[in-house]
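Shown next, in C-alpha coordinates, is the structure this report addresses.
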Amino acid sequence: MPNLSLGDMAQSVMLRRQNTRLSSELNQLAEELATGQTADPSRHLKGNFSYLSALERDRTMLESYGMAAAEAQTFTGAMQSVLNKVQETSGDLAADLLATGNEGLPEVVRAVSGKAGDAFGALVTMLNTSVAGQTLFAGARTDSAALANADDMLAAIRGVVSGETGMSDILAAIDDWFTVSGGGFETDGYLGEQNGLKPFLLGENETVSLDLGADAPQLRNILKHTAIAALAADPALGFPAELQKNLLVHAGNGLVAAQNPLTGIRADLGYAEARVDEIATRIASEKTASEYAIGALLGVDPFETVTRLEEVQLQIESLYTATVRLGRLSLVGYMR
(Lines give C-alpha, C1' and ligand atoms only; values in the text may rest on other atoms or scores of the structure.)
Protein backbone atom coordinates (compact mmCIF):
# COMPACT_ATOMS: atom_id res chain seq x y z
CA MET A 1 0.00 0.00 0.00
CA PRO A 2 1.47 3.42 -0.97
CA ASN A 3 2.40 6.03 1.62
CA LEU A 4 -0.40 8.52 2.47
CA SER A 5 -0.02 12.27 2.87
CA LEU A 6 -1.14 13.99 6.03
CA GLY A 7 -4.26 15.15 4.20
CA ASP A 8 -5.01 11.65 3.04
CA MET A 9 -4.45 10.31 6.56
CA ALA A 10 -6.87 12.90 8.01
CA GLN A 11 -9.44 11.94 5.40
CA SER A 12 -8.90 8.26 6.19
CA VAL A 13 -9.55 8.90 9.89
CA MET A 14 -12.69 10.83 9.02
CA LEU A 15 -13.92 8.00 6.79
CA ARG A 16 -13.34 5.46 9.57
CA ARG A 17 -15.32 7.60 12.00
CA GLN A 18 -18.16 7.85 9.51
CA ASN A 19 -18.00 4.10 9.03
CA THR A 20 -18.29 3.55 12.81
CA ARG A 21 -21.24 5.91 13.05
CA LEU A 22 -23.03 4.39 10.07
CA SER A 23 -22.40 0.81 11.28
CA SER A 24 -23.84 1.71 14.66
CA GLU A 25 -26.88 3.30 13.01
CA LEU A 26 -27.28 0.25 10.76
CA ASN A 27 -27.33 -2.08 13.77
CA GLN A 28 -29.81 0.17 15.55
CA LEU A 29 -32.13 0.27 12.54
CA ALA A 30 -31.91 -3.51 12.13
CA GLU A 31 -32.89 -3.94 15.79
CA GLU A 32 -35.79 -1.52 15.40
CA LEU A 33 -37.00 -3.33 12.29
CA ALA A 34 -36.90 -6.67 14.15
CA THR A 35 -38.60 -5.46 17.35
CA GLY A 36 -40.83 -2.70 16.01
CA GLN A 37 -39.59 -0.55 18.89
CA THR A 38 -37.17 2.34 19.00
CA ALA A 39 -33.66 1.49 20.16
CA ASP A 40 -33.18 5.07 21.37
CA PRO A 41 -36.19 6.10 23.51
CA SER A 42 -34.62 9.42 24.46
CA ARG A 43 -34.26 10.51 20.83
CA HIS A 44 -37.63 9.03 19.88
CA LEU A 45 -39.47 10.86 22.71
CA LYS A 46 -37.33 13.99 22.39
CA GLY A 47 -36.37 13.64 26.07
CA ASN A 48 -39.97 13.76 27.34
CA PHE A 49 -40.35 10.62 29.48
CA SER A 50 -43.28 11.72 31.67
CA TYR A 51 -46.01 9.82 29.80
CA LEU A 52 -43.81 6.75 29.35
CA SER A 53 -42.92 6.75 33.06
CA ALA A 54 -46.60 6.94 33.98
CA LEU A 55 -47.44 4.03 31.69
CA GLU A 56 -44.58 1.89 33.01
CA ARG A 57 -45.57 2.71 36.59
CA ASP A 58 -49.14 1.59 35.84
CA ARG A 59 -47.88 -1.60 34.21
CA THR A 60 -45.69 -2.42 37.21
CA MET A 61 -48.61 -1.86 39.57
CA LEU A 62 -50.88 -4.02 37.42
CA GLU A 63 -48.28 -6.79 37.42
CA SER A 64 -48.29 -6.66 41.22
CA TYR A 65 -52.09 -6.80 41.35
CA GLY A 66 -52.05 -9.60 38.81
CA MET A 67 -49.75 -11.69 40.99
CA ALA A 68 -52.01 -11.07 44.00
CA ALA A 69 -55.06 -12.06 41.93
CA ALA A 70 -53.34 -15.26 40.82
CA GLU A 71 -52.55 -16.08 44.45
CA ALA A 72 -56.15 -15.36 45.45
CA GLN A 73 -57.39 -17.62 42.66
CA THR A 74 -55.12 -20.40 43.90
CA PHE A 75 -56.32 -19.96 47.48
CA THR A 76 -60.03 -19.80 46.69
CA GLY A 77 -59.84 -22.74 44.31
CA ALA A 78 -57.93 -24.88 46.82
CA MET A 79 -60.28 -23.93 49.67
CA GLN A 80 -63.31 -24.81 47.57
CA SER A 81 -61.77 -28.15 46.69
CA VAL A 82 -61.14 -28.93 50.37
CA LEU A 83 -64.67 -27.95 51.38
CA ASN A 84 -66.06 -30.15 48.63
CA LYS A 85 -64.15 -33.10 50.10
CA VAL A 86 -65.34 -32.20 53.60
CA GLN A 87 -68.92 -32.20 52.35
CA GLU A 88 -68.56 -35.51 50.55
CA THR A 89 -66.87 -37.17 53.54
CA SER A 90 -69.35 -35.90 56.12
CA GLY A 91 -72.36 -36.59 53.89
CA ASP A 92 -71.31 -40.18 53.21
CA LEU A 93 -70.57 -40.76 56.89
CA ALA A 94 -73.99 -39.40 57.89
CA ALA A 95 -75.74 -42.00 55.73
CA ASP A 96 -73.67 -44.82 57.23
CA LEU A 97 -74.29 -43.64 60.79
CA LEU A 98 -78.05 -43.41 60.39
CA ALA A 99 -78.30 -46.82 58.74
CA THR A 100 -76.10 -48.51 61.33
CA GLY A 101 -77.52 -46.74 64.37
CA ASN A 102 -81.06 -47.78 63.50
CA GLU A 103 -80.43 -51.42 62.66
CA GLY A 104 -76.77 -52.28 63.18
CA LEU A 105 -75.43 -55.23 65.06
CA PRO A 106 -72.80 -54.54 67.75
CA GLU A 107 -69.90 -55.50 65.48
CA VAL A 108 -71.26 -53.30 62.68
CA VAL A 109 -71.69 -50.41 65.12
CA ARG A 110 -68.06 -50.78 66.17
CA ALA A 111 -66.93 -50.89 62.53
CA VAL A 112 -68.87 -47.76 61.58
CA SER A 113 -67.66 -45.97 64.72
CA GLY A 114 -64.12 -46.87 63.64
CA LYS A 115 -64.91 -45.50 60.18
CA ALA A 116 -65.99 -42.26 61.84
CA GLY A 117 -62.61 -42.15 63.58
CA ASP A 118 -60.91 -42.48 60.20
CA ALA A 119 -63.19 -39.77 58.82
CA PHE A 120 -62.26 -37.46 61.70
CA GLY A 121 -58.59 -37.92 60.85
CA ALA A 122 -59.30 -37.32 57.16
CA LEU A 123 -61.23 -34.12 57.94
CA VAL A 124 -58.37 -32.82 60.07
CA THR A 125 -55.92 -33.57 57.26
CA MET A 126 -58.15 -31.77 54.76
CA LEU A 127 -58.44 -28.68 56.93
CA ASN A 128 -54.66 -28.68 57.41
CA THR A 129 -54.12 -28.44 53.66
CA SER A 130 -51.48 -25.95 52.57
CA VAL A 131 -50.75 -24.43 49.18
CA ALA A 132 -47.35 -22.99 48.29
CA GLY A 133 -46.29 -23.36 51.93
CA GLN A 134 -49.33 -21.49 53.29
CA THR A 135 -52.03 -23.22 55.33
CA LEU A 136 -55.49 -22.51 53.95
CA PHE A 137 -57.66 -22.67 57.06
CA ALA A 138 -55.36 -21.32 59.79
CA GLY A 139 -56.39 -17.69 59.46
CA ALA A 140 -53.49 -15.24 59.43
CA ARG A 141 -51.13 -17.89 60.84
CA THR A 142 -50.44 -19.50 57.49
CA ASP A 143 -47.09 -20.97 58.50
CA SER A 144 -48.52 -23.64 60.84
CA ALA A 145 -51.19 -26.33 60.87
CA ALA A 146 -54.77 -25.22 61.41
CA LEU A 147 -55.70 -28.15 63.64
CA ALA A 148 -53.92 -30.34 66.15
CA ASN A 149 -53.32 -34.02 65.51
CA ALA A 150 -56.63 -35.91 65.17
CA ASP A 151 -55.67 -38.62 67.69
CA ASP A 152 -54.64 -35.98 70.23
CA MET A 153 -57.98 -34.21 69.88
CA LEU A 154 -59.95 -37.43 70.24
CA ALA A 155 -57.89 -38.31 73.32
CA ALA A 156 -58.72 -34.92 74.85
CA ILE A 157 -62.43 -35.35 74.11
CA ARG A 158 -62.31 -38.89 75.46
CA GLY A 159 -61.00 -37.42 78.70
CA VAL A 160 -63.91 -35.02 79.14
CA VAL A 161 -66.57 -37.73 78.60
CA SER A 162 -64.84 -40.47 80.58
CA GLY A 163 -67.09 -41.49 83.46
CA GLU A 164 -70.23 -39.99 81.90
CA THR A 165 -73.08 -42.48 81.45
CA GLY A 166 -76.03 -40.41 80.29
CA MET A 167 -76.35 -39.43 76.64
CA SER A 168 -77.25 -35.81 77.44
CA ASP A 169 -74.19 -35.46 79.69
CA ILE A 170 -71.90 -36.99 77.06
CA LEU A 171 -73.22 -34.72 74.34
CA ALA A 172 -73.04 -31.64 76.59
CA ALA A 173 -69.41 -32.37 77.47
CA ILE A 174 -68.42 -32.78 73.81
CA ASP A 175 -70.42 -29.72 72.80
CA ASP A 176 -68.65 -27.64 75.46
CA TRP A 177 -65.25 -28.87 74.28
CA PHE A 178 -65.96 -27.69 70.74
CA THR A 179 -68.06 -24.56 71.22
CA VAL A 180 -67.34 -22.85 74.57
CA SER A 181 -65.13 -19.79 74.25
CA GLY A 182 -61.72 -20.68 75.64
CA GLY A 183 -62.71 -24.36 75.68
CA GLY A 184 -60.72 -27.36 74.58
CA PHE A 185 -61.07 -26.79 70.85
CA GLU A 186 -59.83 -23.21 71.04
CA THR A 187 -56.93 -24.02 73.37
CA ASP A 188 -55.84 -27.47 72.18
CA GLY A 189 -57.64 -28.12 68.89
CA TYR A 190 -57.41 -25.04 66.69
CA LEU A 191 -53.82 -23.93 66.21
CA GLY A 192 -54.46 -21.11 63.75
CA GLU A 193 -55.09 -17.42 64.24
CA GLN A 194 -58.59 -16.25 65.07
CA ASN A 195 -58.00 -13.21 62.88
CA GLY A 196 -58.71 -14.07 59.28
CA LEU A 197 -56.27 -14.22 56.40
CA LYS A 198 -54.98 -10.80 55.36
CA PRO A 199 -57.19 -9.49 52.52
CA PHE A 200 -55.77 -9.72 49.01
CA LEU A 201 -55.08 -6.27 47.55
CA LEU A 202 -56.21 -6.49 43.93
CA GLY A 203 -56.48 -2.80 43.10
CA GLU A 204 -56.10 0.69 44.50
CA ASN A 205 -59.36 0.32 46.43
CA GLU A 206 -60.10 -3.32 45.66
CA THR A 207 -59.65 -6.07 48.23
CA VAL A 208 -60.97 -9.61 48.63
CA SER A 209 -61.14 -11.22 52.08
CA LEU A 210 -61.06 -14.96 52.71
CA ASP A 211 -62.00 -14.93 56.37
CA LEU A 212 -62.60 -18.66 56.74
CA GLY A 213 -60.69 -20.81 59.19
CA ALA A 214 -61.01 -24.33 60.56
CA ASP A 215 -62.56 -22.71 63.66
CA ALA A 216 -65.64 -21.59 61.68
CA PRO A 217 -68.82 -22.73 63.50
CA GLN A 218 -69.95 -24.73 60.45
CA LEU A 219 -66.69 -26.71 60.39
CA ARG A 220 -66.55 -27.14 64.17
CA ASN A 221 -70.04 -28.62 64.00
CA ILE A 222 -68.97 -31.22 61.45
CA LEU A 223 -65.89 -32.11 63.50
CA LYS A 224 -67.99 -32.33 66.64
CA HIS A 225 -70.53 -34.79 65.27
CA THR A 226 -67.81 -36.84 63.62
CA ALA A 227 -66.02 -37.04 66.97
CA ILE A 228 -69.23 -38.14 68.70
CA ALA A 229 -69.53 -41.01 66.24
CA ALA A 230 -65.84 -41.89 66.54
CA LEU A 231 -66.09 -42.21 70.34
CA ALA A 232 -69.50 -43.88 70.43
CA ALA A 233 -68.08 -47.40 70.38
CA ASP A 234 -64.69 -46.55 71.87
CA PRO A 235 -63.66 -49.60 73.99
CA ALA A 236 -61.98 -47.32 76.55
CA LEU A 237 -65.31 -45.62 77.27
CA GLY A 238 -67.36 -48.80 77.36
CA PHE A 239 -70.73 -47.28 76.56
CA PRO A 240 -73.69 -49.71 76.50
CA ALA A 241 -74.73 -51.04 73.07
CA GLU A 242 -77.98 -49.08 72.99
CA LEU A 243 -76.20 -45.85 73.93
CA GLN A 244 -73.66 -46.47 71.20
CA LYS A 245 -76.40 -46.74 68.58
CA ASN A 246 -78.16 -43.66 69.91
CA LEU A 247 -74.93 -41.67 69.71
CA LEU A 248 -74.41 -42.79 66.10
CA VAL A 249 -77.95 -41.72 65.17
CA HIS A 250 -77.48 -38.37 66.91
CA ALA A 251 -74.15 -37.83 65.10
CA GLY A 252 -75.70 -38.86 61.77
CA ASN A 253 -78.60 -36.43 62.16
CA GLY A 254 -76.14 -33.73 63.20
CA LEU A 255 -74.04 -34.27 60.08
CA VAL A 256 -77.13 -34.19 57.88
CA ALA A 257 -78.18 -30.89 59.45
CA ALA A 258 -74.63 -29.55 58.99
CA GLN A 259 -74.76 -29.87 55.20
CA ASN A 260 -76.82 -26.73 54.51
CA PRO A 261 -74.58 -24.42 56.60
CA LEU A 262 -71.56 -25.95 54.88
CA THR A 263 -73.17 -25.32 51.51
CA GLY A 264 -73.70 -21.73 52.66
CA ILE A 265 -70.02 -21.08 53.33
CA ARG A 266 -69.13 -22.75 50.05
CA ALA A 267 -71.54 -20.39 48.29
CA ASP A 268 -69.89 -17.40 49.99
CA LEU A 269 -66.52 -18.71 48.93
CA GLY A 270 -67.86 -19.21 45.41
CA TYR A 271 -68.90 -15.57 45.33
CA ALA A 272 -65.36 -14.58 46.35
CA GLU A 273 -63.96 -16.89 43.64
CA ALA A 274 -66.13 -15.28 40.98
CA ARG A 275 -65.15 -11.79 42.14
CA VAL A 276 -61.45 -12.67 42.08
CA ASP A 277 -61.80 -14.13 38.56
CA GLU A 278 -63.60 -10.99 37.38
CA ILE A 279 -60.93 -8.73 38.85
CA ALA A 280 -58.13 -10.90 37.44
CA THR A 281 -59.66 -10.64 33.97
CA ARG A 282 -59.93 -6.87 34.30
CA ILE A 283 -56.32 -6.59 35.51
CA ALA A 284 -55.10 -8.67 32.55
CA SER A 285 -57.08 -6.47 30.16
CA GLU A 286 -55.73 -3.24 31.68
CA LYS A 287 -52.19 -4.61 31.61
CA THR A 288 -52.57 -5.50 27.94
CA ALA A 289 -53.86 -1.99 27.23
CA SER A 290 -50.93 -0.48 29.14
CA GLU A 291 -48.42 -2.59 27.23
CA TYR A 292 -50.10 -1.64 23.94
CA ALA A 293 -49.85 2.06 24.85
CA ILE A 294 -46.16 1.67 25.72
CA GLY A 295 -45.60 -0.18 22.44
CA ALA A 296 -47.39 2.52 20.49
CA LEU A 297 -45.39 5.24 22.23
CA LEU A 298 -42.05 3.58 21.52
CA GLY A 299 -43.04 2.04 18.19
CA VAL A 300 -41.37 2.93 14.91
CA ASP A 301 -42.82 3.13 11.41
CA PRO A 302 -41.55 0.00 9.62
CA PHE A 303 -41.68 1.71 6.20
CA GLU A 304 -39.59 4.63 7.43
CA THR A 305 -37.19 2.24 9.14
CA VAL A 306 -36.68 0.17 5.96
CA THR A 307 -36.18 3.33 3.92
CA ARG A 308 -33.58 4.68 6.34
CA LEU A 309 -31.92 1.25 6.52
CA GLU A 310 -31.48 1.21 2.75
CA GLU A 311 -30.11 4.76 2.83
CA VAL A 312 -27.52 3.83 5.45
CA GLN A 313 -26.53 0.72 3.52
CA LEU A 314 -25.95 2.87 0.41
CA GLN A 315 -23.93 5.35 2.46
CA ILE A 316 -21.75 2.52 3.81
CA GLU A 317 -21.20 1.16 0.31
CA SER A 318 -20.24 4.64 -0.92
CA LEU A 319 -17.95 5.09 2.06
CA TYR A 320 -16.32 1.75 1.36
CA THR A 321 -15.73 2.74 -2.27
CA ALA A 322 -14.17 6.06 -1.21
CA THR A 323 -11.97 4.32 1.33
CA VAL A 324 -10.73 1.75 -1.19
CA ARG A 325 -9.90 4.48 -3.66
CA LEU A 326 -8.09 6.46 -1.02
CA GLY A 327 -5.95 3.73 0.40
CA ARG A 328 -6.13 1.07 -2.33
CA LEU A 329 -7.40 -1.27 0.39
CA SER A 330 -8.71 -4.72 -0.27
CA LEU A 331 -12.08 -5.72 1.10
CA VAL A 332 -10.32 -7.87 3.67
CA GLY A 333 -8.14 -5.01 4.76
CA TYR A 334 -11.17 -2.72 4.96
CA MET A 335 -13.07 -5.13 7.15
CA ARG A 336 -10.14 -5.35 9.57
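The values are calculated or read from the model by the stated rules, or taken from the named source; none is laboratory data. These numbers were taken from a predicted model, which means no experiment stands behind them. Because the Cβ atoms are built from the backbone with ideal geometry, glycine has one as well, and the counts that use them run over all protein chains shown. Surface accessibility is based on the protein's heavy atoms, side chains included, excluding ligands, DNA and RNA. Shrake-Rupley method; radii C 1.70, N 1.55, O 1.52, S 1.80 Å.
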For labels at Thr60 and Val108 in the simple 7 Å Cα→Cβ model, what's the distance in nm? 6.9 nm
Tell me the accessible surface of Ser64 in square angstrom (1.4 angstrom probe, heavy atoms of protein chains only), to the nearest ten. 60 Å²
Heavy-atom SASA rank of Tyr292, Tyr51 (probe 1.4 Å, accessible area, largest first): Tyr292, Tyr51
Sorted by chain and then number, the residues having a modelled amide H within less than 5 Å of the amide H of Leu147, at least 5 places away or on another chain, are Leu191
In order over segment 277-285: 3J(HN,Hα) from phi, Karplus 6.51/-1.76/1.60, θ = phi - 60°, whole Hz, x for each Gly or Pro, gives 4, 5, 5, 4, 5, 5, 4, 4, 5
For Thr135, other-chain or 5+-apart residues with amide H closer than 5 Å (H placed, Pro excluded) are Asp143, Ser144
What is the magnitude of the charge dipole of segment 202-286 about its Cα centre, with +1 placed on the Cβ of each Lys and Arg, -1 on the Cβ of each Asp and Glu, and no other charges, expressed in debye to the nearest 20? 520 debye
